[in-house]
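Okay, so here's the structure we're looking at.
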Amino acid sequence: MAREKAADMRTGRLLGVTQLKGDPASAKSARAFVGEKLGEDHPALDDVTLLVSEVVTNAVVHSDSRNGGRITLALADCHDFIHVEVLDAGGDDVPRIRDDESGEGGRGLRIVRMLAHRWDVRQDATGRTVWFQVTYERKKDHPPPAG
């Protein structure tokens, strides 16, 4: 019985962490990082790539990391979902979904809300973390991504 419980209490596996500059080119670097870590056949690749691009772009545009500051991107495979965290220097405004669907900006977190299974924002004196989880079904012949 104890072994069965231990098997059910699986933990995620860190796939990687990368440091990015608060620069518009970082969204492209973040997408490449996701592709490298998940692999082209991963069932969550498209959704995770899109959401990472949106959240990193938000960090570049809206946080105190803009203009060359640091943004950290971390990916973990938790067996049936990918967990992503994007850390930046924070700022005066907390990220939120905008009510104006026809506005020029503000669609990034709306997309996160639509595609992510779970997501949230944490902010403290050291900075801000936007995290999200994208669920997927692993194909029987698809091994876990390399870490």
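Computed from the coordinates by the stated procedures, all read-outs in this text should not be read as laboratory data. Worth saying up front: this structure is predicted, and the values here are computed from it rather than measured. Cβ atoms come from the backbone with ideal geometry, glycine included; neighbour counts cover every protein chain shown.
With K and R counted +1 and D and E -1, the other residues having a Cβ less than 15 Å from that of Arg118 yield a net charge of -2.
Summing +1 for each Lys or Arg and -1 for each Asp or Glu, what net charge is found among the other residues whose Cβ lies under 12 Å from the Cβ of His42? My count for the surroundings of His42 gives -4.
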